[in-house]
Amino acid sequence: MSQYVTQCEGYSFTLVNIDCIRDSTHFNIVMDLERPIEELLPYLASRLPGCTYTHGTGVVNLMDTGHIVGIYPDRITITDVAGIEEARGLCARYFGIIREVEVNRSSITPVLRKRSTVSVMTILRALPGTNCGLCESATCMAFAASVYRREASMAACPPLRMNLEDCESLFEQLRENGYPVP
Ligand code: SF4
C-alpha cells in the first residue's frame, strides 16, 4: 500500500493507494487536523445536509458525490478519490467548512440528538413498487437508489405525487436529512 503525504496550513493529508498498483487512480484520503474539532461536530452535523450523526459518538458520516466521508475529532477520511488534485480540492473544501462553522457557530443550531437515518430501503418502502418506468429508472429499486445518492428527487415518481399525504412521515425524515421533497 503506497502513501503520499501533503502538508497544508492547518492540516496534512495522506493519499493512500488502496490498490497497491503504481499507476492506480484509486485512493482514499486521511486528512489529519492540527487542531481537534470535537466540540464542532454537532454544528458540522447541522451544516452538512444528509449526514448521519449521533451526539456523543464522535463521528459525522456522509455521502458526498460518491465519496464516503467520516469526520472525527482529529481527522477526516474520504474514500474513492481519483488523484492528488481531487484530494487537494476535497480537503480544502472540508477545511473551509470547518472554519466557516467555527466562525458562525453562534448562529448554528447544533444537533444534540440522534437523527433518524434514511436508507435505500426506507425510500423504496414509500414507492408504489409497480416498476412502471415513468421516472426513467428501470425499477423502483433503481429509483430509490438514485434518490438515496441525491441524483433524483422523489418528485420524479408521478404515481407517488398522486398520494403525497401517505408519505408525510418519510418526507419528514428526508427533510431532516437534507433531501429535497415534493
Ligand atoms: S415512476 Fe415510481 S412507481 Fe414507477 S418505476 Fe419509478 S419509482 Fe417506481
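Every number here is computed from the coordinates shown, using simple stated rules; none is lab data. Just so it is clear, the model here is predicted, and its values are computed rather than measured. Heads up, the Cβs are rebuilt from the backbone with ideal geometry, glycines too, and the neighbour counts pull from every protein chain shown.
Numbers at a glance
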quantity	calculated
For Phe13, Phe171, order by how many other beta-carbon atoms lie within 10 Å, fewest first	Phe171, Phe13
0 to 90° range, to nearest 10: angle between helix 84-104 axis and the chain longest Cα axis	80
Mean ellipticity per residue at 222 nm, deg cm²/dmol - from DSSP H runs of n ≥ 4 across the chain, formula -39500 (n - 2.57)	-9000 deg cm²/dmol
Computed Rg/Rh of segment 3-107, alpha carbon atoms with Kirkwood Rh	0.98
Overall dimensions of segment 79-182 by Cα: Rg and Dmax, Å	17.5, 49
Whole-Å distance, taken between Cα centres, linking segment 22-67 and segment 131-164	28
P(r), alpha carbons of the chain - 5 Å bins starting at zero, rounded %	1, 8, 15, 16, 15, 13, 12, 10, 6, 3, 1
Net +/- balance of residues flanking Phe13 in space, Cβ distance below 14 Å, scoring K and R +1, D and E -1	-3
Tensor-based shape of segment 143-182 (alpha-carbon gyration tensor, a/c under 1.5 rounded, otherwise prolate or oblate)	oblate
Relative contact order (%) - the chain, alpha-carbon pairs under 8 angstrom, separation at least six	18
Neighbour-count ranking [beta-carbon atoms within 10 angstrom, fewest first] of Glu165, Glu39	Glu165, Glu39
Separation of the Glu100 and Glu165 label points, Cα + 7 Å toward Cβ, nm	3.9
